[in-house]
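A quick write-up on the structure given underneath.
The values are calculated or read from the model by the stated rules, or taken from the named source; none is laboratory data. Everything quoted here is computed from the prediction, not taken from an experiment. No Cβ is skipped: glycine too gets one built from the backbone with ideal geometry, and neighbour counts run over all protein chains shown.
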Amino acid sequence: FAPRLSFFWANGMAHLKEIAKMRAGRVLWADRMRGEFGANAKGQMLRTHTQTSGWSLTAQDPWNNVARTAIEALSATMGGTQSLHTNSLDEAIALPTDMSARIARNTQLLLQTEAGYTAAVDPWAGSHVLEDLTAEMLASAETLMAEIAEKGGMAKAIDEGLPKLRIEEAAASKQAAIDRGRDKIIGVNLFVVEGEDDVDVLVVDQDEVQRQQLAGLASLKTSRDSAAVEAALDALTSAARSGGNLLAAGVVAARVRCTLGEISAALEAVFTRFQPADRRVSGVFSRAMEGSEAYDNVRALSDAFAACAGRRPRILVAKMGQDGHDRGAKVVASSFADLGFDVDLGPLFSTPTEVARQAVENDVHVVGVSTLAAGHLTLVPGLIEALREAGRPDILVVAGGVIPPGDHESMYNHGVVGVFGPGTPITASAKDILDLLLEAYQK
């Protein structure tokens, strides 16, 4: 089955390192498949899809994102990707418009048809720079794989949270380097342009989208065979309980028009829902920010609030809806903990009611909603209403992520007290939140 496997990689702005990463991955895969499994030539060939980086996109001076995506797409092409997704220039601001998506698509076409990069196999072969980088990548990968093997394999390493911690350490360190200005981002901390660029933003009527989706679900449920649906879901649950073929049972359920929610619930009845261990990195952000005046000022504010309130400022970092992007949320959680906050991190795909319940149970001072999937105008007001219904309208709500500037006023009108866009330094957002908490507490 090895030839059927495909990897999914992301490519960032470290152009030569990204090419080396993909070259090292191919060598590692071929060596392991040949040496440990005796795979034939077809099985030794690594197949991968690549997507240009999302977090490297900036809301500030966003036209620079066209060049960023082109550079990242070029490294993927030179690294030998089989398929490619190029992000749009405006995805740090909102969902892409037709025009920005067209530019992203044409970036691929230019590399494929006009530049002719796909005509060469491994065009950097023999370059002493790339060969050295590839060797370094291979050595680092072997070290990581040995560490995972010592844990008993990847499944056990995941249970212990090892891969997640490594990713979070790297992300927190990178964010601190950007906030301190050591890593230069054009338009963010270098060659900053005053004022906003005139970029068209896709406007989504979220209420209408929700109405159409609910209407579609209602229509589906009235037109399908209810008895067949119930039988398929029962069979799926039975297969989960007995160790049967879940794929076959799932296909049957889908064919009789069971919804994804119903299929998931049928499996959850047996397996329950996975709850990852709440293990966070600590000290990475604080070490990287050592000696920073901004960091020291926020720590002092945090201590001042603790002295005033009798406990540390407590924040729940929440993800709601069908938004599975959690890199930013985890960076915020670990960084805020280093800044003196008590931090709770909610699970992915939570509902407003679930987030409100967790906020009340944990007696937090503020909920920070991370939103990157255009659900903020529906989910955040729902959270604020749920907090009111729970008798805790005093819990402040802030939001950060991909929130179009045109939506900020609506967010504030619904009761949000702070909106933080991409590129906001961690220390700046923490300071604003602490100022709001101190102001609210001293009233």
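Structural remarks
- Only a single item in (1) over 30 Å from V343 (Cα atoms); (2) without any contact (Cβ under 8 Å) to a residue 12 or more places away in the chain; (3) loosely packed, with under 11 Cβ neighbours inside 10 Å is not met by A248, and it is number (3).
- Which listed residue is in the same structural domain as T143 (by the TED database), β-branched (V, I, T) and in a helix (DSSP H, G or I), from T50, T81, T58, T77: T77
- One residue stands out among those in segment 1-32 that are among the small types (G, A, S) and closer than 30 Å to I185 by Cβ: the one that is surrounded by the most Cβ atoms within 10 Å (Cβ to Cβ), which is A20.
- Residues that are more than 27 Å from the chain's Cα centre (by Cα) and surrounded by 14 or more Cβ atoms within 10 Å (Cβ to Cβ) within segment 305-330 comprise F305, A306, A309, R312, listed in sequence order.
- Contact annotation: residue pairs with Cβ atoms under 9 Å, 6 or more positions apart or on different chains, pairing a residue in segment 178-199 that is under 15 Å from T424 (Cα atoms) with a partner that is part of a helix (DSSP H, G or I) and among the charged types (D, E, K, R), are D183/K174; I186/R68; N189/D179; N189/R180.
- Total residues in segment 404-424 satisfying the condition of being assigned to a loop (DSSP other than H, G, I, E, B) and either over 26 Å from P62 (Cα atoms) or modelled with pLDDT of 95 or more (or both): the figure is 4.
- Within segment 33-73, if we keep just the residues that are surrounded by 17 or more Cβ atoms within 10 Å (Cβ to Cβ) and of a type in the set (D, E), the residue that is nearest to V201 (Cα to Cα) turns out to be D61.
- Candidates V251, V192, filtered to the one that is under 30 Å from A67 (Cα atoms) and of a type outside the set (D, E, K, R): V192
- Of all residues making up segment 111-138, the number that are closer than 13 Å to G80 by Cβ, among the small types (G, A, S), at pLDDT below 95 and not in a helix (DSSP H, G or I): 1
- Screening segment 205-309 for helices (runs of 4 or more DSSP H) wholly inside it with 2 or more residues that are among the acidic types (D, E) and at pLDDT 95 or above returns the ranges 226-242, 260-271, 293-309.
- Checked against the criterion of being surrounded by 13 or more Cβ atoms within 10 Å (Cβ to Cβ), among the charged types (D, E, K, R) and not assigned by the TED database to the domain that holds F349, the candidates R211, R257, R241 yield just one match: R257.
- Residue in segment 180-191 that is over 25 Å from the mean Cα position of the chain (by Cα) and surrounded by fewer than 10 Cβ atoms within 10 Å (Cβ to Cβ) present: no
- When residues of segment 90-106 are limited to those that are among the aliphatic types (A, V, I, L, M) and more than 15 Å from T371 (Cα to Cα), the one surrounded by the fewest Cβ atoms within 10 Å (Cβ to Cβ): M99
- Annotation: of all residues in segment 331-369 being in a loop (DSSP other than H, G, I, E, B) and in contact with a strand residue (DSSP E or B) (Cβ under 8 Å, 6 or more places away or on another chain), the one that is surrounded by the most Cβ atoms within 10 Å (Cβ to Cβ) is F341.
- Options E385, E354: the member that is assigned by the TED database to the domain that holds K431, more than 20 Å from L165 (Cα to Cα) and without any contact (Cβ under 8 Å) to a residue 24 or more places away in the chain: E354
- Per the conditions (1) within 23 Å of H365 (Cβ to Cβ); (2) surrounded by fewer than 16 Cβ atoms within 10 Å (Cβ to Cβ); (3) not aliphatic (A, V, I, L, M), the sole criterion not satisfied by R273 is (1).
- Of the set (1) at pLDDT below 95; (2) over 27 Å from A2 (Cβ atoms); (3) more than 25 Å from the chain's Cα centre (by Cα); (4) not β-branched (V, I, T), all apply to A41 but (2).
- Any hit, segment 376-389, residues being in contact with a Gly (Cβ under 6 Å, 6 or more places away or on another chain) and over 21 Å from R180 (Cβ atoms): yes
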